[in-house]
Every structure is written in structure tokens, then in C-alpha cells.
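The block underneath contains the structure these notes are about, expressed in C-alpha cells.
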Amino acid sequence: MTSDKTRPPAMRLHRRTALITDGFDPQLSVGSARPAVFRSSTYVFSSPEAGERAFALALGKDTPREGESPELIYARLSHPNAEILEEQLLPLEPGATRAAVFNSGMAAISTVALALCRPGSRLVYTTPAYGGTVHLIHQLLEPYGIVAIAVDAGDTGGLLRAIGTTPDLELVLIETPANPTLRVTDIAAAAATASARSHRPIVAVDNTFLGPAFQHPLMLGADLALYSATKYLGGFSDLLGGVVLSSDPELDARIRGARAILGNILQPDECWLLTSRLPTVTLRMRQQCAGAQQIVKRLVGHPAIGRLLYPTLVEDAEQRSIAKSQSSSPGAIFSIELRGGKAAAFEFLRTLRIIRDAVSLGGVESLACHPASTTHSELDEDAQARSGVTPSLVRVSVGLEDPRDLLDDIRAGLDAALVVSAGAKRVPAR
Ligand SMILES: *Cc1c(COP(=O)(O)O)cnc(C)c1O
């Protein structure tokens, strides 16, 4: 339906070109150089037979013949803007041959979990994880009888033991680097251990922090790369979206089947917006990461900082080696543990003038947040302490502003935090 018939199929393109030219035929958008928006909820069949055939394919009663493109049916199943976006996402994720788009990152993650797990199934996940993912597990999956087993991010031994020995294991959900501690988890080792089992659990990686520019889970043996497209893919904090990428048609069909039932496909307008953001995602991420590196380098040793969390600063040899083997850049997010606890962290956020105090990340505007009281406030104190989400930690997502201005802003925040922490020293506080 959407493929460009004007280009010979044998023409093999580099990723950067494919990203702009694949999946879109101007003829199908009345000659428009960029895709039109197709907001129709339903699609007219060319014949009753074509309608019958489209349903047979949609319901999995038959598989498409070589070169056959089934007619569209109804927008909850798929629509032209989803098809265009899904095809243009593929060049961004090496190893991917299928993409499915969702209304949000959480829609993508929940649909994967509901498609793959049944009551009694087990799920292994790394912690700390995105707050919404933890919420999904505790509020929805566990009450439905899915047994979830948490493993600390970066604990390779614990993870491989859990993947190797947990009975009825259907899904391994890895978030790496972890949010907000940036501890990394070994994707290739997890995938290899999963492969060694007679019933292979699906290994899914939430790739929101480093992908699609710097980390490619499918190339490391994972089955699914998951995204909150709300973050770097969207890039401007003005849309919600989610993506699931894979290389297995059957797995993709199961997930799309669940998406059709749950009704959480990304809407046409959102697909159109997101499509226009894809050609610049790598450029933006590279620039944002360069800014973060420049800032972090100059923050080292600041007296207000207890610990600075960023992959280039990690001393643990195993962590360094995992990061080196699976990602090509430290990314554009870092966390600061302030001396002086929560009061210092709040003072830091209060003092910032350019960087805004908001959750979320990956946009062109820099944001900072206090995970312990916001995104990770659902974890109890013990779980927070275990996961390293301390009251003194703030997470910073570096945008595209001039890093020199961001650095000045952060330094002003740190100086203010220092005053608070000096005051706090007289009271024994955490
Ligand atoms: C934001 C985020 C999500 C959830 O995505 P939404 O688009 O907000 O639903 C999942 N995982 C990570 C790592 C995130 O940062």
C-alpha cells in the first residue's frame, strides 16, 4: 500500500537514505512530497473478495503471498500513516524487519507483556525500571497472576540465574541503562542464556535511553527493542508514542494482534508528526550527547556533588566492559547525587533557570527531575535505597541548548545546594 513503486526493488540504500525514502510513495499521497495524513477510521475494499482476503490475513488464517499487500480494513488494525512510520523506523534499528507503533511507550510495553504472558507465566525484569513499567507489573500483571521476578540492573550473575532457571518464563524485560542510576545490564549475555533454554523466553529491551542512535539490542540477540517514542524519537516533548521492533514475523503478528484488541495503535496525526522527526533523531542525539559529555566533564569535583552518575565516570570494571560492548556512546542523561539530601536536591531544582523541573527526557529542551519524589515515588524506601534512587539524586536530560549556558545554570544550582547542605550539616539528616 505504501511502498514506493517508482524505485527498483534491487536498489539497496544506506540507512540514512532509506530512512527518508523507504515506505512512502508520493503517488499514494496525491503527489505530495511528504506523506499526507489519512485520518479515516475505515477503508473501502476494492471488491468483496479483497475484503474477505484482508480479513483472512488480518486474522492469521493465511499468510500473504510473495509481493501481496493486503488492503486496509479499519484504522484500529492499521492505517497508512502507521504503515509509513513503521517502515521508516526500520533503517534506524539494525536487525529489525518489523515495527509496530503504539499510543505511548507504556502502551507498547503493556501490549508486549499482555501478548506474551498468561496467568502463571513468569517475567524477569531489571530494577530500577521506568516508574510506569513498575506500576504495570505491580498493579496489572501480578493481580492477573503473572509472577514477576526483579533482578538488580547490572547483576549479571543474578540475571543469568533467573533467566536460566525460572520455570514458565515467558518474558525478560531489560531496561539499560537503568533509569535513573544509569547502571547497565548485559543484553548479549541475557539473550544467550535465554537461547539455551528449550522454551526460549522472549528478551525485550527498553531502548529508550540510548536508542536508536547508540545501542542496538536486536544485534545483540534480543528479540524486541522497545521505545518510548515520546523521548528521543519524538524529540520535542510534544507527542506521546511507543514502538516495538523485531525481526520475527510471528512474534510481530502476536503483538499486533494484541494491539488490535487493545486499540492502542498510534493515531494518524501522531504517526505523521513522528515520521517527520525520524531523519533528525541521530543528529539530535549526537549533539545532545556531546553537550552532556562537555557538561559532565566540568562538573567533576564540584563540592556540592556527592556522586556524579554517567557511564564515562563508572569505575566498576564489569560495568565499563558491558557499556563498551553494547553501546557506542554514554548518552545525554546524567544524574547528580547532591551532598545535603533531599533539601539540597530541591534547592538545586528551584534555582535552575534554563533547565526546567519536569519528568521526561530526550527533548531538545533540557529537563531535570527528582526521581525519588516523582517518577520513582512508588518504590518504598527500601526499594529506593536498593536501586540507588536516593533522596539526594536529581536526573538531568541534556537538550540542544548551548552547553556553556547549561553548565552555568547547573553551577548556580549546585552553589545554592551547597548553602543548604552546609546549613543541614548541623542537623543529622539523611
Ligand atoms: C518514558 C519512558 C517510558 C514510558 O513511555 P511513555 O511514552 O511515557 O508511555 C518507558 N520506558 C522508559 C525508559 C521511559 O523513559
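The values are calculated or read from the model by the stated rules, or taken from the named source; none is laboratory data. Predicted, not measured: the structure shown is a model, and the values here were computed from it. Here the Cβ positions follow ideal geometry from the backbone for every residue, glycine too, while neighbour counts run over all protein chains shown. Protein only, heavy atoms only, side chains kept; ligands, DNA and RNA dropped before computing areas. Shrake-Rupley method; radii C 1.70, N 1.55, O 1.52, S 1.80 Å.
Observations
- Checking each residue in region 33-63 for being of a type outside the set (Gly, Ala, Ser) and part of a helix (DSSP H, G or I) picks out Pro48, Glu49, Glu52, Arg53, Phe55, Leu57.
- Test for Thr165: is it open to solvent by 10 Å² or more (accessible area, probe 1.4 Å), on the phi < 0 side of the Ramachandran plot and polar (S, T, N, Q): yes
- Looking across Val147, Val134, one residue alone is over 30 Å from Gln288 (Cα atoms) and open to solvent by 10 Å² or more (accessible area, probe 1.4 Å). It is Val147.
- Listed conditions (1) among the hydroxyl-bearing types (Ser, Thr, Tyr); (2) outside any helix (DSSP H, G or I); (3) farther than 18 Å from Arg259 by Cβ are all met by Ser78, apart from (3).
- One residue alone among Arg404, Arg386, Arg411, Arg353 is farther than 19 Å from Val296 by Cα and out of contact with any strand residue (DSSP E or B) (no Cβ under 6 Å at 6 or more places or on another chain), and that residue is Arg386.
- Test: residue in region 364-381 that is surrounded by 19 or more Cβ atoms within 10 Å (Cβ to Cβ), at pLDDT 95 or above and of a type in the set (Ser, Thr, Tyr): yes
- Scan region 317-349 for residues that are among the acidic types (Asp, Glu) and open to solvent by 70 Å² or more (accessible area, probe 1.4 Å) and the total you get is 1.
- The set of residues in region 195-222 being farther than 30 Å from Cys289 by Cβ and either crowded, with 24+ Cβ neighbours inside 10 Å or not hydroxyl-bearing (Ser, Thr, Tyr) (or both) consists of Ala196, Arg197, His199, Arg200, Pro201.
- Selected residue (only one of Glu83, Glu66 is outside any loop (DSSP other than H, G, I, E, B), more than 16 Å from the ligand (Cβ to nearest atom), among the charged types (D, E, K, R) and open to solvent by 20 Å² or more (accessible area, probe 1.4 Å)): Glu83
- Verdict on Glu170 being farther than 26 Å from Ala290 by Cα, within 16 Å of the ligand (Cβ to nearest atom) and open to solvent by 10 Å² or more (accessible area, probe 1.4 Å): no
- Residue list for region 114-130, restricted to those being more than 13 Å from the ligand (Cβ to nearest atom), of a type in the set (A, V, I, L, M, F, W, C) and either open to solvent by less than 50 Å² (accessible area, probe 1.4 Å) or free of Cβ contacts under 8 Å to residues at least 40 places away in the same chain (or both): Ala115, Leu116, Cys117, Leu123, Val124
- Among the residues of this structure, Val296 counts as one that is farther than 22 Å from Val205 by Cα and of a type in the set (A, V, I, L, M).
- Identity of the residue in region 228-252, over 20 Å from Asp269 (Cβ atoms) and not in a loop (DSSP other than H, G, I, E, B), that ends up nearest to the ligand (Cβ to nearest atom): Val244
- Residues of region 276-316 that are of a type in the set (S, T, N, Q) and either buried (at least 22 other Cβ atoms within 10 Å of the Cβ) or farther than 21 Å from Pro91 by Cβ (or both): Gln288, Gln293, Gln294, Thr312.
- Within region 94-103, being within 16 Å of the ligand (Cβ to nearest atom) and either in a helix (DSSP H, G or I) or open to solvent by less than 30 Å² (accessible area, probe 1.4 Å) (or both) holds for Ala99, Ala100, Val101, Phe102.
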